[in-house]
């Protein structure tokens, strides 16, 4: 049995904070298991929220400076987490996703900022990062990468739904995994809630009080993206340029807009499940279960609407798994990188082959004993 003590770092498109998950990942005869030893979400400072939200419109120098400075910020924060929990003596390395700014796989590029070298320098520990670019270079979408964790850590579920800034669905079809982005979730819901001074719609109560706006519903559901065959992926830029202008243009209360967006999310999730079953030639088993994680899993009203429209059992796990599943995933893909094992599945992304993504930066306090080139 081999043990890896790893901190996974995740920062998502909703910009709510930096998720740290210190995990003990064991490999026993090819079987992977994990235990979360410590976990914390560091709220994103307002200055970083503003800078990251606007970065897509800035010049190249500003982009590079932000990439570097954000890496230093992440390294400083993870070092505080290491020291506060007294784990420096146990930690092997850090695996960081970074903040996605540009994602255009059709143009053969994707970018996740948060300089790995800066994180390594500030934390003192080796850093594995830049997990998506190899897959994109191989003709893939570079996303989702969560199915590798679903495959290795959660084999008892048929389907998986992550309700983050953007929702993605994954399915275990028996002989392979397929997955793709469905529809924006918290990127839009939180933006609407902010219009009335709230960070988010707690439990979906505002949406519950509203009514579906049929005109807005029809226009949102008419997007070309939903009819596109998978593999496919969405970006924050698509949300700000395509979806949000439609939502903002319609004359309706915030509650009605929230209710309508929840309806879109539920309907498009049901359509995505149908698309998978038709494309893969499978049926949904009578005892099928869908594991639902991400911040949207706490939106009680959204979960109710999903359960109404999906022909399977929705399972929302313990709070730690909901909140930190993607940080746990980063720890796993880092371990796979170090072990020289595939951490990105071509059946999911459409790449020409399974691949091993990730760049390694050594730390001054500790170094990886074996660096896989």
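What follows draws every value from the coordinates through simple rules; no lab data is involved. If you're wondering where the values come from, they're calculated on a predicted model, not measured in any experiment. Don't worry about glycine lacking a Cβ; one is built from the backbone with ideal geometry, like all the others, and counts go over all protein chains shown.
Calculated FRET efficiency, residue 104 to residue 280, Cβ-Cβ distance, R0 = 25 Å: about 0.40 to the nearest 0.05.
When each of the peptides 284-293, 74-83, 132-141 is scored by the mean number of other C-beta atoms lying within 10 Å of its residues, the order from highest to lowest reads 132-141, 74-83, 284-293. Once both axes come from the Cα atoms, what is the angle between helix 254-280 and the longest principal axis of the chain, in degrees from 0 to 90, rounded to 10? It is inclined by approximately 70 degrees. What residues from the range 156-174 fall in the zone where the backbone N is under 20 Å from a label point 7 Å along the Cα-to-C-beta line of residue 289? Zone members listed by number: 156-163, 169-174.
Using alpha carbon centroids, what distance separates the range 132-196 and the range 245-311, in Å? Between the Cα centre of the range 132-196 and that of the range 245-311, the gap is 14 Å. What does the C-alpha gyration tensor say about the overall shape of the range 52-206? Classify as rounded when a/c is under 1.5, otherwise prolate if a/b is larger than b/c, or oblate. Rounded shape, in that the Cα axes give a/c under 1.5.
Counting pairs of alpha carbon atoms under 8 Å apart in space and at least six apart in sequence, what relative contact order in percent does the range 3-118 give? Rounded, it is 29 percent for the range 3-118. Between residue 253 and residue 59, the modelled label-to-label distance comes to 4.7 nm, taking each label 7 Å out from Cα in the direction of the beta carbon. The packing ranking, built from the mean of other Cβ atoms within 10 Å per residue, places the peptides 322-335, 57-70 in the order 322-335, 57-70, highest first. Relative to the longest principal axis of the Cα atoms of the chain, helix 300-309 runs at roughly 70 degrees. On the basis of the beta-carbon distance and an R0 of 30 Å, residue 90 and residue 68 show a calculated FRET efficiency of 0.55. Short-range pairs are left out: with C-alpha atoms under 8 Å and at least six residues apart, the relative contact order of the range 11-52 is 41 percent.
Once you have a ≥ b ≥ c as the square roots of the Cα gyration tensor eigenvalues for the range 223-307, tell me rounded if a/c is under 1.5, and otherwise prolate or oblate according to whether a/b is larger than b/c. Working shown, then result.
Details: a/c = 2.24, a/b = 1.39, b/c = 1.61.
Oblate, since a/c reaches 1.5 and b/c is not below a/b.
For the chain, DSSP calls about 75 percent of its internal beta bridges antiparallel. Maximal additional length on extending the residue 117-residue 214 stretch stands at 29.9 nm, based on 0.36 nm per residue less the C-alpha distance. The computed Cα Rg over 2.2 N^0.38 Å for the structure shown corresponds, within [x] 1.13; [y] 0.95; [z] 1.01, to [y]. Please work out the C-alpha center-to-center distance from the range 48-127 to the range 7-45 and express it in whole Å. Between the Cα centre of the range 48-127 and that of the range 7-45, the gap is 15 Å. Is the C-alpha gyration tensor of the range 300-368 telling us rounded, prolate or oblate? Criteria: a/c under 1.5 is rounded; beyond that, a/b larger than b/c is prolate, otherwise oblate. Oblate, because a/c is 1.5 or more while a/b does not exceed b/c.
With contacts taken as Cα pairs under 8 Å and at least 6 residues apart, the chain reaches a relative contact order of 22 percent. Ordering 237-244, 206-213 by mean Cβ neighbour count within 10 Å, with the highest value first, yields 206-213, 237-244.
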